[in-house]
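Please read the structure below before turning to the comments.
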Amino acid sequence: MANQSFDTLRALAIASQALGFILILTLETLMGGEAARPWQGLTLGAMVLFALGLALARRYRRNKARKRLEGRLADNDDEP
């Protein structure tokens, strides 16, 4: 498996977390303490769900690459 210098999933994870925290702070500033709480909770929930989706995508990619590598190694073992 080739080592990529730029990981798209990692960049998406960092950007989504940064955007979420900025949104939480902006909601606190604009709406005040008690009015912003439900929206902040919703934003935090969306951040967690997005991070979970990215983790699943990363696991899927890693398993797919592992299976491809195992298939290639098995093909090489079968050759005389």
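Worth pointing out:
- Pairs are defined by a Cβ separation below 8 Å, a sequence spacing of at least 6 or placement on different chains, a first member in the range 49-70 that is within 19 Å of PHE6 (Cβ to Cβ), and a second member that is loosely packed, with under 11 Cβ neighbours inside 10 Å; the pairs so defined are ALA65/MET1.
- Candidates are the residues of the range 5-24 that are of a type in the set (Ser, Thr, Tyr) and surrounded by fewer than 13 Cβ atoms within 10 Å (Cβ to Cβ); the one that is nearest to the chain's Cα centre (by Cα) is THR8.
- When residues of the range 7-42 are limited to those that are in a helix (DSSP H, G or I) and among the charged types (D, E, K, R), the one nearest to ARG58 (Cα to Cα): ARG10
- Residue list for the range 56-80, filter: of a type in the set (Gly, Ala, Ser), more than 21 Å from the chain's Cα centre (by Cα) and either within 21 Å of ALA13 (Cβ to Cβ) or modelled with pLDDT under 85 (or both): ALA74
- Flag for GLU34 being without any contact (Cβ under 8 Å) to a residue 24 or more places away in the chain, surrounded by 11 or more Cβ atoms within 10 Å (Cβ to Cβ) and among the acidic types (Asp, Glu): no
The values are calculated or read from the model by the stated rules, or taken from the named source; none is laboratory data. Values in this document were obtained by computation on a predicted structure and should not be read as measured data. With ideal geometry, Cβ positions are generated from the backbone for all residues, glycine too; neighbour counts draw on all protein chains shown.
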